[in-house]
């Protein structure tokens with residue numbers, strides 16, 4: 001995981017340098033923020049001590065009250081103190097990851113380090129497509145429509161040159177329009193503006209994970225396994241993360257209020273913009289989800 005994080009950081013750094021729409025001064029700020037990101041994998045550097053908290057199997061309300069008192073005591077203890085670096089905001093057992101912009105911290109919880117996100121028995125291609133894309137997604141939040149308004153010190157400052165911001169908005173608008181066209185349920189379209197930050201995160205995350213996977217090969221060609229090339233297994237690993245079934249009521253609620261797109265479109269919407277996907281599976285005009293090159297979005 002740590003090697004994967006390093007490869008993703010390198011992939012982002014190179015991508016920033018290669019952007020043809022970003023000016024040098026903005027690139028320099030982006031590189032500073034990338035270098036300053038603290039990444040924590042699995043477990044925190046600082047653990048709370050719960051030995052004084054009394055838990056009883058037959059006293060639910062009492063457990064909750066004592067737990068709240070313990071939290072209040074710790075809040076008073078920490079009042080006026082600087083934040084502890086590496087202190088997780090969520091339990092390590094959760095299947096989740098998050099970016100804390102004011103602290104510049106990326107956290108990947110231990111609960112996510114299991115299939116389908118991460119599998120020690122799988123080859124690198126699958127893991128880079130699955131957990132690698134998740135790492136890339138969270139990294140991108142440091143540079144998305146909200147992350148770009150906070151600098152490497154966690155302070156509220158828009159560090160983008162005006163022309164770069166305008167070009168970013170133009171490209172982002174194209175992505176908004178793409179997702180507005182998706183209709184998970186007849187008559188119900190995805191809100192491309194509501195989901196923009198997460199959609200950009202998905203797109204950049206998978207793009208950077210692919211580049212990080214290429215870095216991991218160190219110039220060697222990936223083996224063919226079960227008839228699939230390394231590139232194909234990479235995309236299959238990503239798609240496998242989003243295999244699920246949802247009731248129509250759930251999808252309706254998600255489209256109405258959730259900044260994340262429904263699962264199928266977190267795959268379709270991303271790969272339809274990636275030349276690497278077209279090449280890996282020899283996708284041609286007329287195939288499902290084909291998107292003409294001039295209509296594909298590239299931001300990062």
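Some points to look at:
- Between the C-alpha center of segment 229-272 and that of segment 83-117 there is a gap of 21 Å.
- Sorted by Cβ density within 10 Å, fewest first, the residues 29, 70: 70, 29
- Per-pair calculated FRET efficiency, R0 = 22 Å: residue 180 and residue 243 via Cβ, rounded to 0.05: 0.30
- Listed residues 48, 138, 94, most fluctuating in the chain (Gaussian network, C-alpha, under 10 Å): 48
- Anisotropy class of segment 70-163 from Cα gyration tensor, a/c 1.5 cut: oblate
- Nearest 10 degrees, 0 to 90: helix 196-217 Cα axis against the chain principal axis: 80 degrees
- Placing a label point 7 Å from the Cα of residue 64 along the Cα-to-Cβ line, no residue of segment 90-108 has its backbone N under 17 Å from it.
- Of all the options 234, 250, 143, the one that moves most in a Gaussian network model of the chain with Cα springs shorter than 10 angstrom is 250.
- Overall form of the chain per C-alpha gyration tensor (a/c, 1.5; a/b vs b/c): prolate
- By other beta-carbon atoms within 10 Å, ranking 10, 195 with the fewest at the front produces 10, 195.
- Counting beta carbons within 10 Å around each of 1, 208, 64 and listing the fewest first gives the order 64, 1, 208.
- Under the simplified labelling scheme, the residue 90-residue 75 pair shows an inter-label distance of 2.2 nm, with each label point 7 Å from Cα along Cα→Cβ.
- Between 0 and 90 degrees, the angle of helix 230-241 with respect to the longest Cα principal axis of the chain falls at about 50 degrees.
- Computed from the Cβ-Cβ distance with R0 of 30 Å, the FRET efficiency linking residue 279 to residue 17 stands at 0.85.
- Computed FRET value (nearest 0.05) for residue 25 with residue 221, which takes r as the C-beta separation and R₀ as 30 Å: 0.15
- Angle between the chain longest axis and helix 24-36 axis [Cα atoms, degrees, rounded to 10]: 40 degrees
- Segment 186-232: C-alpha gyration tensor shape, a/c 1.5 cut-off, then a/b vs b/c: oblate
- The mean sequence separation of alpha-carbon pairs under 8 Å and at least six residues apart, normalised by the residue count of the chain, gives a relative contact order of 20 percent.
Rule-based calculations on the coordinates, nothing more; no lab input. Just so it is clear, the structure is predicted and the values come from calculations on it, not from any experiment. Note: ideal-geometry Cβ built from the backbone for every residue, glycine included; neighbour counts use all protein chains shown.
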